[in-house]
1. If you check every pair at least six apart or on different chains, which have Cβ atoms under 7 Å apart with a residue in the range 81-95 that is more than 21 Å from PRO207 (Cα to Cα) first and a residue that is at pLDDT below 95 second?
2. When you check ILE55 against the structure, is it assigned to a helix (DSSP H, G or I), touching a residue at least 40 places away in the same chain (Cβ under 8 Å), at negative phi and among the β-branched types (Val, Ile, Thr), yes or no?
3. Applying the selection to the range 249-262, what residues are open to solvent by 10 Å² or more (accessible area, probe 1.4 Å) and touching a strand residue (DSSP E or B) at 6+ places or on another chain (Cβ under 7 Å)?
4. With GLY178, GLY155 as the choices, which residue is within 15 Å of the ligand (Cβ to nearest atom), touching a residue at least 60 places away in the same chain (Cβ under 8 Å) and crowded, with 24+ Cβ neighbours inside 10 Å?
5. Just to be sure, is LEU374 in contact with a Cys (Cβ under 8 Å, 6 or more places away or on another chain) and either buried (at least 23 other Cβ atoms within 10 Å of the Cβ) or aliphatic (A, V, I, L, M) (or both)?
6. Just to be sure, is ALA351 of a type in the set (A, V, I, L, M) and over 18 Å from LEU287 (Cα atoms)?
7. Quick check on GLY261: is it within 12 Å of the ligand (Cβ to nearest atom), part of a loop (DSSP other than H, G, I, E, B) and more than 30 Å from PRO73 (Cα to Cα)?
8. Take the residues in the range 442-483 that are among the charged types (D, E, K, R) and assigned to a loop (DSSP other than H, G, I, E, B), then tell me which one is nearest to the ligand (Cβ to nearest atom).
Amino acid sequence: MSTPASTAEFLPHTLWHQRLFTGSWQAGNAVSSAVIEPASGLSLGEVALADATQIASSAQQAAEAQRGWYQLPYEERAALLRKTAQLAETHFASIVDWLVRESGSTQAKAAFETNITIKALYESAALPSRAQGEVLPSSAGRLSLARRRPRGVIGVISPFNFPLYLAMRAVAPALATGNAVVLKPDPRTAVCGGLVIARLFELAGLPKGLLHVLPGGAEAGAALTSDRHIAMIQFTGSTGAGRKVGEAAGKHLKKVSLELGGKNALIVLDDADLDLALANATWGVYLHQGQICMSTGRLLVQRGIYQRFLDKLVTKARSLVVGDPASSEVHLGPLINAQQRDHAAQVVKAAVEAGASLDAGGTYEGLFFQPTVLSGVTRDNPAFHEEIFGPVAVVIPFDTDEHAIELANDTDYGLSAAILSQNVGRALKLGEQLRVGLLHINDQTVNDEVINPFGGVGASGNGTSIGGPANWEEFTQWQWLTVKGDAPAYPL
Ligand code: NAD
């Protein structure tokens, strides 16, 4: 394996190879899994996978460690999160390198992801010093408080696409608000989405037992969801897996936060600047090869500008450079694995069979999928409904604003939507009718500033949000506390 010196220094191969993290680096009980670089197919090492026994033991240790953690002065929890953020800044290049190599991110996407992860750590460091409740009116001489308490141990299940940030956006606020965490990253990105986080907190001096990072697949996730020491599951991933996690959490009476898939509409109104519309659409569709929950899954373009916009998009798609992001400057890297690639190829094929026109791309070499444009996609076409999770623009004409609303809302998903227009009033009026958790006027669909509440409706999630003001609500629970000078003399 070839790793830059700085990367080896931050996360030495001997430390993580065939290991998982329980406060120390341990061999697992189950088999190891190869860490594959999707661009080259090379193995970068192996991580230990966790089995159900390991999950149970970690969840119990985390529950024990959590009690002491919550008792610490709030400044100590804040200081630890700040230190973790500083360490991420120090090891920025190594973290970016891991994201590029293990998740197939371009340099720019990896740098952006590392930056928002650092921001999430600093924002979480500000949580412990915030007011944690309210004083309620009560009878004379009785102090009545509503206060937020940690939930206990939070199980975090995270996906492969923005692996570092989507894990950290839950791990950091959960720890900051006094919880312990068991993180199960996707086995395809177990290092950049898991062991990097373990290493940062280890270097920062997080007390042992508070954070466990246990790579594993669906079985490990299911074991985590049913473990009695886990108070809440924060899950980010597909709607199919989210449904199973939601069902299991319901059975075991756990709080569950589900951040799921999307089929997000970018609506281009006929008064939009065409070049800006093109730049927004290109970003929304092709960033990280379209492997983002907020990726623009439907490009709705008003009839009067449809053909001119489509011509520009096709030219743009053909000009984008696809290749290995570790060795050259590229716009698009590889898809994560053959399964994701085959899914994208299958939807494109089915779309063409159902009458769509393939105007660019549609082909691949290895995991490198060419930027693709499908036009003339109608409502009965599979590309209209399915989340593709690949670099495929699905372009659809519409006539009136009402027609755009109807098309955009014709999905079970409800994550993100965006509208481009020089008439903000018109765009806002249209936007008010869209059933989504994230709405952007004069921007594209892929947006996250860390300090905003993030979450979808319908098949995109169960209506909880993560981030910014939502974090206290998400990772803590109310306790009613009353205090009197003397106990009352009840008459019974
Ligand atoms: P996935 O559902 O296959 O996997 C996500 C995680 O869940 C992985 O860690 C996986 O091992 C685990 N998992 C799978 N089955 C499980 C089960 N039965 N029980 C418990 N855990 C299980 O999703 P993916 O393919 O890795 O990610 C792509 C999907 O995630 C897309 O649908 C995308 O839209 C969605 N996503 C949503 C958001 C969001 O914030 N809304 C962000 C990123 C990705």
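1. ALA93/SER6; SER94/SER6; SER94/THR7
2. yes
3. LYS254, LYS255, VAL256, LEU258, LEU260
4. Going through GLY178, GLY155 in turn, the sole match is GLY155.
5. So LEU374 does not fit the description; no.
6. Yes, satisfied.
7. yes
8. ASP448
The values are calculated or read from the model by the stated rules, or taken from the named source; none is laboratory data. This one's a predicted model, so the numbers in the text were calculated from it and none came from an experiment. Note: ideal-geometry Cβ built from the backbone for every residue, glycine included; neighbour counts use all protein chains shown. In case anyone asks, the SASA skips ligands and DNA or RNA and just uses the protein heavy atoms, side chains included. Shrake-Rupley method; radii C 1.70, N 1.55, O 1.52, S 1.80 Å.
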